[in-house]
Amino acid sequence: MLSKKRTLKIILWSARILGALVIIFLLMMTIGELFTDSNITAISTSDAIALLLFPGTIILGLLLAFKWKGLGGLITVGGMICLHIIRPDLASSVLISAFAIPGLLYIIYSVWSKN
């Protein structure tokens, strides 16, 4: 059986690697959307909030998690929970929810490392 220290190290590095991949992907997706030649139309308030939550809180939370693991993980997972409350149609999408996995790993690491 793995020691607690080694298990925590595996969780932390998994969260860091997955988090970096998610950040890179979401930044590329967001920058690509900002620079497309699409018509600017008025969006609803719920859609504007959803855009702040995804990818905004995911990127912010994962960036903060490199320094403050628990806080960054909570921001990431909390933003995803709020997104699913505001847009329940997205709750059935496993791909959207998968972006919160690194945040969840950071929370697990933070809680287990305190004991």
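Which of the helices (runs of 4 or more DSSP H) found entirely inside segment 36-115 contain at least 2 residues meeting this: within 13 Å of the chain's Cα centre (by Cα)?
58-65, 69-86, 94-97, 101-114
Being of a type in the set (Val, Ile, Thr), open to solvent by 40 Å² or more (accessible area, probe 1.4 Å) and either in contact (Cβ under 8 Å) with a residue 24 or more places away in the chain or closer than 17 Å to Leu21 by Cα (or both) is the filter here; which residues of segment 63-89 pass it?
Ile75, Ile86
Could you tell me whether Ile24 is of a type in the set (Val, Ile, Thr), over 15 Å from the mean Cα position of the chain (by Cα) and either outside any helix (DSSP H, G or I) or surrounded by fewer than 17 Cβ atoms within 10 Å (Cβ to Cβ) (or both)?
So Ile24 does not fit the description; no.
Residues in segment 90-102 that are touching a residue at least 60 places away in the same chain (Cβ under 8 Å) and either open to solvent by less than 40 Å² (accessible area, probe 1.4 Å) or aromatic (Phe, Trp, Tyr) (or both): how many?
2
Can we say Ser110 is among the hydroxyl-bearing types (Ser, Thr, Tyr) and exposed (fewer than 15 other Cβ atoms within 10 Å of the Cβ)?
Considered against the rule, which asks whether it is among the hydroxyl-bearing types (Ser, Thr, Tyr) and exposed (fewer than 15 other Cβ atoms within 10 Å of the Cβ), Ser110 comes out as no.
The values are calculated or read from the model by the stated rules, or taken from the named source; none is laboratory data. Since the structure is predicted, the reported quantities are computational estimates derived from the model, not experimental observations. Positions of Cβ are backbone-derived with ideal geometry, glycine not excepted, and every protein chain shown enters the neighbour counts. The accessibility values were calculated without ligands, DNA or RNA, using every heavy atom of the protein model including side chains. Shrake-Rupley method; radii C 1.70, N 1.55, O 1.52, S 1.80 Å.
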